[in-house]
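Read through the structure below, which is laid out as structure tokens, and then see the notes.
The values are calculated or read from the model by the stated rules, or taken from the named source; none is laboratory data. This structure is a prediction, so every number in the text was calculated from the model and none was measured. Because the Cβ atoms are built from the backbone with ideal geometry, glycine has one as well, and the counts that use them run over all protein chains shown. Please note that ligands, DNA and RNA were not included when accessible areas were found on the heavy atoms of the full protein model with its side chains. Shrake-Rupley method; radii C 1.70, N 1.55, O 1.52, S 1.80 Å.
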Amino acid sequence: MSKVVTFGEIMLRLMPEGYLRFVQAKKLGVVFGGAEANVAVSLANFGMQSV
């Protein structure tokens, strides 16, 4: 099976809980994103080897 390699930057989104501001929050939620990362994860879910 072929291998897929994606190139690009991965974005990190930091989200405070509720509607708090960064300085008010005690914990932050973290979500990774970016078009390249989304394509690699989608292809991996379909069974392809992605890097």
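Results, tabulated for the structure shown:
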quantity	calculated
Contacts under 6 angstrom Cβ, first residue in segment 1-29 being within 21 Å of residue 46 (Cα to Cα), partner modelled with pLDDT of 95 or more and among the aliphatic types (A, V, I, L, M), 6 or more apart	none
Residues located in segment 1-11, provided they are open to solvent by 100 Å² or more (accessible area, probe 1.4 Å) and either modelled with pLDDT of 95 or more or touching a helix residue (DSSP H, G or I) at 6+ places or on another chain (Cβ under 9 Å) (or both)	7, 9, 10, 11
Residues that are open to solvent by 60 Å² or more (accessible area, probe 1.4 Å) and within 11 Å of the chain's Cα centre (by Cα), drawn from segment 15-35	30, 31, 32, 35
Any chance residue 39 is open to solvent by less than 80 Å² (accessible area, probe 1.4 Å) and either part of a strand (DSSP E or B) or touching a His at 6+ places or on another chain (Cβ under 6 Å) (or both)	no
Output for segment 1-40, where each listed residue is of a type in the set (Phe, Trp, Tyr) and closer than 21 Å to residue 51 by Cβ	7, 32
